[in-house]
1. Classify the stretch 51-198: rounded, prolate or oblate, from the alpha-carbon gyration tensor (a ≥ b ≥ c, eigenvalue square roots; a/c under 1.5 rounded; otherwise prolate if a/b is larger than b/c)?
2. Wrap a convex hull around the Cα atoms of the stretch 24-66, take a quarter of its surface area, and give that in square nanometres.
3. Return, for the Cα atoms of the stretch 112-198, the radius of gyration and Dmax in Å, separated by a comma.
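Readers should treat all values here as calculations from the given coordinates under stated rules, not as data from a laboratory. No experiment lies behind these values; they were computed from the predicted model shown.
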Amino acid sequence: MIELWTRQHVEKVVTPVGRGLAWMKVRPTHLTLTGLAVTLLGSAMLANGDVTRGALVILAGSALDGLDGAVARASGSASARGALIDSVSDRLGETSMFAACAFWLASRQSPAEGDPALVVLCVLSLGASIVISYLRAKADIGGVEGRGGIMGRAERVILFTVGFLLNQVTVMLWLMATLTWLTVFQRFFKTWRQLASE
């Protein structure tokens, strides 16, 4: 949703940065893999209890990864292989952040005090995130628009970070699970309608 609403405004900032990085001979894949490494580091920090800084590092890794497209366009180096690496890295990053959240939730309290439902919400949120990405891929294969819905990747990372920064992890996880599955249905029916008109 953010991507669709703010693309022009974001591109005004990101495009010059992409040109500068391309001029410095930074490759898109370097940014993708560096962003993933930073996200994995933030996830490890979060899992080990450094939740505020860990969440911010995850956000920074996702932002860094978001520059790879601008660099690819500026350098004329966009490729199917690069897109594959980017897509896989995005899924690995999201898996790591939800796994870190689940680990932290499971380890911070004794079994008698813990809330297993929160760990289940992590799993449900991750599952929905993967299905959202899968639906976009299927839409692309069908030659129709696969973006859209209330919870794209940017929204998921932002909500995740804000939940930890405000110490509202339970609220965040309920919102995440609910809104990501709503997005699954939004993208499914959007793609279904478009494919029917093809």
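1. Values: a/c = 2.56, a/b = 1.48, b/c = 1.74.
Taking the square roots of the gyration eigenvalues as a ≥ b ≥ c, the stretch 51-198 is oblate.
2. Details: hull surface 10.8 nm².
Average of the hull's projected areas for the stretch 24-66 equals 2.7 nm².
3. My reading of the Cα-based Rg and Dmax gives 14.8, 55 Å.
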